[in-house]
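As structure tokens, the structure follows; a few thoughts come after it.
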Amino acid sequence: MHRLKFYSLIDMSIRHNLIKLLEIVKNFDDTKQDYTINEIIEFYNVTIFINNNLFLTKWSEDEVKLIKDSNKQFKILINKLFSSISGINLGQLYDTIDWNYKDNFWEIIEKFNTFNVFTENEFIKFINQNSPDLRNILRNKKTVSHFDTAVKGYIMSNPINTEVLIDNFEVHDNQFALHLPKSLSIKDKELLIVSYINSSNPNLNYLRLLAIIQNNKDKIVISDKVRLTAIKKTQEIENRMFANRSGFNVNLAVKFREQEEKVLVKSDKHSFEYSYSTKWIKENNDYSTLLINFIHLFKYVDQQMRISLTKNISEMGTIERIVILRSQNSYSPGMGFINKNNMANLQMIGYYNQLEQMDIFLEDIIEWFFQEYLLTEFKAQDYRIKIPSKEAKYFEKCRSILPEMESILKQFNLYVDDGKIDHELLQISSEHLLLRNCKSLIEKKYIYADNNDFQRITHYFFSDQCMLAYIERISKRYNNFYELIRKESINMDDFADYQIPDLNWLLENNFIEIKDNKIGFSNLIQILILKDLYFNDVINYLRYPPEIRTEIDKFIDKGLLKSESSLFSKPEQDYLNYHLNKSTFNDSLDLRNKYSHGTQPNDKNDEDIHKVNYMIILKLLILIIFKINDEFCLADE
């Protein structure tokens, strides 16, 4: 029998369970003396719904009163049964509990302090014989504290419990806080981790997390040796898994050749080829056009001058978003991000080589932008950059160009503050510049979501997980509710009962309307603004025309959106941090720190690696150029 269960206040099963709840209350027999443990735990779940004032609007006042009055009776029965539990019958009773009620069992043990009736030996015997889910126990602070030594022994007895530790410290969406025994030391945790790495079948996802997990002296510390062991074990398992070439290849190709079209694109399911006209590049070889090619040919930024290479949740598949294990401290690039950035890197390498064949060096174009273009176009005087020599090895170029990148940003901050660049002041400053502290010339630069209503609205309209996109009479399946409204004629009668409350919320808040019995948008411009934000995370305010900015301002006045001012938007800050340092993400490429601290590859055969890294750094420099240019253009306008 599928029993009633409370999961959370935002769980989609609430309505379905409330229907069951009324049946349970109506069928309740207060004279019955032999309720089973599962029936009692079901009553406990009923009390949680009641205590949270969760009732169906269609219920009558008498039905709601009946439910509320039953609350006291249920609590008496729960107390009666759990007061009778002892260390002797604990294991036998536990075995009869439905699997989805095991967590509730420990909750009630905690709530009624039932753990006090078990001796340490009885509890140890129970966990050895019944092997309860460790997570269910660790969610209860008092129980863990009472049996501190026993729980520690249970954790250390099985290397698989390393996964519980990692879930608690590192993984996203840990719904319940876990309470570890105080006697479990940092050293104990590392010993458990080592035994897990050396076990016969460690989970590859957890090994990958162990390789990047950030140390915290109060929670978990992994030595470099242990981390390296995890990395080698990961490689060993990956090599074994893919020895037979399981999976599929994604083929990316960038070509520069004689052709009339500026760009030709060939693609199928797993293959993408971009070819660019060397003829056009040679005929339009002024520095300005050669730089703008990164916009019009390579699409490094979009029409709003947002970096188009950033991670976007909408580009990730359902499995990537929901199933794959991720660290809460990682950037976690999905396949969409990896593919488009690999393509951008190939474009940079190919274009760099093509320009070199024309005796044009990209570094010279970068130097021209700062020292000539900004001066000529915007009277920004004395912007300086020192580019690497053409003859330098790529290792040397990487080391010399990264400090220049930071200097560029510090000079821009000085210009924002004072309208000029004071190089004496620049030389005094030795602090590392955080990307979030890069300033803007624009007071109202970026627009972001500002409250939970935004999440709710955009989930309804644009999420592929929202059930509003599904109508039984329409055989065609749409990605989201927005597409359904745009492409079909629908009305309220098309929707099932469980969908109506969500539609009513959208109606009450004036996001949809009903005309001639058909559902439509109340204000299409507002919906398009929300769509842009949902799929891109940020809007460049002044890149929208005035009539759309007016609608954005209305959202800001309502508290749905907010504006902030900085050189880089938050997704762009994350993107650059992912490439340059580990200040934000533990899976960062960490290019800046590697070359600054001497931890980069330094084998004599690693020049190819340094070349690829240098091309990535040049890619970031080009993106910074476009962001700075956008600032000057908007301020000038």
### Task
Would you kindly derive the ³J(HN,Hα) couplings of segment 73-82 from the backbone phi angles with the Karplus curve 6.51 cos²θ - 1.76 cosθ + 1.60 (θ = phi - 60°), listing them in order in whole Hz, with x for Gly and Pro?
5, 5, 5, 5, 5, 4, 4, 5, 5, 6
### Message
Using only the Cα atoms of segment 368-472, what semi-axes does the equivalent ellipsoid have when each is the square root of 5 times a gyration tensor eigenvalue? Give whole Å, largest first.
### Response
42, 20, 14
### Query
In sequence order, what are the phi-derived ³J(HN,Hα) couplings for segment 425-430 according to the Karplus relation 6.51 cos²θ - 1.76 cosθ + 1.60 with θ = phi - 60°, rounded to whole Hz, with x for glycine and proline?
5, 4, 5, 5, 6, 10
### Efficiency of FRET between Asp133 and Ser314 - r from beta-carbon atoms, R0 41 angstrom, step 0.05
0.75
### Task
With no solvent and one equal point scatterer placed on each C-alpha of segment 446-564, evaluate the Debye formula and give log10 I(q)/I(0) for q = 0.15, 0.17, 0.23, 0.24 Å⁻¹, two decimals.
-0.68, -0.85, -1.37, -1.46
### Task
Order the peptides 476-485, 513-522 from the highest to the lowest mean number of other Cβ atoms within 10 Å of their residues.
476-485, 513-522
### Query
Does segment 248-358 come out rounded, prolate or oblate, given a ≥ b ≥ c as the square roots of the eigenvalues of its C-alpha gyration tensor, rounded meaning a/c under 1.5 and, failing that, prolate meaning a/b above b/c?
prolate
## Note on the structure
Most exposed to least, judged by fewest other Cβ atoms within 10 Å, Asp364, Asp532 sort to Asp364, Asp532
### Task
Would you mind putting 438-449, 116-127, 289-300 in packing order, based on average other-beta-carbon counts within 10 Å, highest first?
438-449, 289-300, 116-127
### Task
Using only Cα atoms, find the angle between the long axis of helix 570-580 and the longest principal axis of the chain, and express it within 0 to 90 degrees, rounded to the nearest 10.
70 degrees
### Query
Near the amide H of Phe256, under 5 Å away, which other amide H atoms are found, from residues 5 or more places off or on another chain, if H is placed in the peptide plane?
Tyr276
### Message
Run the numbers for Asn89 and His270: contour at 0.36 nm per residue of separation, minus the present Cα-Cα distance, in nm.
### Response
59.2 nm
### Query
Please report, for the Cα atoms of the chain, the Rg to one decimal and the Dmax as a whole number; what are they, in angstrom?
30.3, 95
### Task
On a C-alpha basis, how far is the centre of segment 461-491 from the centre of segment 347-371 in Å? Whole number, if you could?
48 Å
### Packing-based exposure ordering (other Cβ within 10 Å, fewest first) of Asp98, Asp359
Asp359, Asp98
## Note on the structure
In terms of the alpha carbon gyration tensor, root eigenvalues a ≥ b ≥ c, rounded if a/c is under 1.5 and otherwise prolate when a/b exceeds b/c or oblate, segment 138-205 is oblate
### Task
Mind listing the long-range amide H neighbours of Asp590? Cut-off is under 5 Å, sequence gap 5 or more, other chains count too, H placed in the peptide plane at 1.01 Å from N.
Leu580, Asn581
### Distance violations [Cα-Cα > 21 Å] among Lys340/Lys611; Lys393/Lys627; Lys65/Lys102; Lys397/Lys570; Lys189/Lys225
Lys393/Lys627; Lys65/Lys102; Lys397/Lys570
### Message
Using Stokes-Einstein with the Kirkwood hydrodynamic radius over Cα pairs, what translational diffusion coefficient do you get for segment 14-185 at 37 °C and a viscosity of 0.692 mPa s, in µm²/s rounded to a whole number?
### Response
185 µm²/s
### Query
In nm, what is the difference between 0.36 nm times the number of residues separating Arg543 and Arg436 and their Cα-Cα distance?
36.4 nm
### Query
Relative to the longest principal Cα axis of the chain, at what angle does helix 335-357 sit, 0 to 90 degrees, rounded to 10?
10 degrees
## Note on the structure
Helix 287-296 sits off the longest principal axis of the Cα atoms of the chain, rounded to the nearest 10 on a 0 to 90 degree scale, by 30 degrees
### Query
How do the peptides 268-275, 587-594 rank, highest first, by the average count of neighbouring beta carbon atoms within 10 Å per residue?
587-594, 268-275
### Task
Work out the length of the dipole vector of the chain about its Cα centre, built from +1 on the beta-carbon of each Lys and Arg and -1 on the beta-carbon of each Asp and Glu, and round it to the nearest 20 debye.
1380 debye
### Task
Could you tally up the Lys pairs in segment 446-564 with alpha carbons closer than 27 Å? Skip any pair fewer than 8 positions apart unless they're on separate chains.
16
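A short reminder: the numbers here are calculations on the coordinates, not readings from a lab. What you see is a predicted model; the values in this text were computed from it and never measured. When we count neighbours, we look across all protein chains shown, and the Cβ atoms used for this are built from the backbone with ideal geometry, even at glycine.
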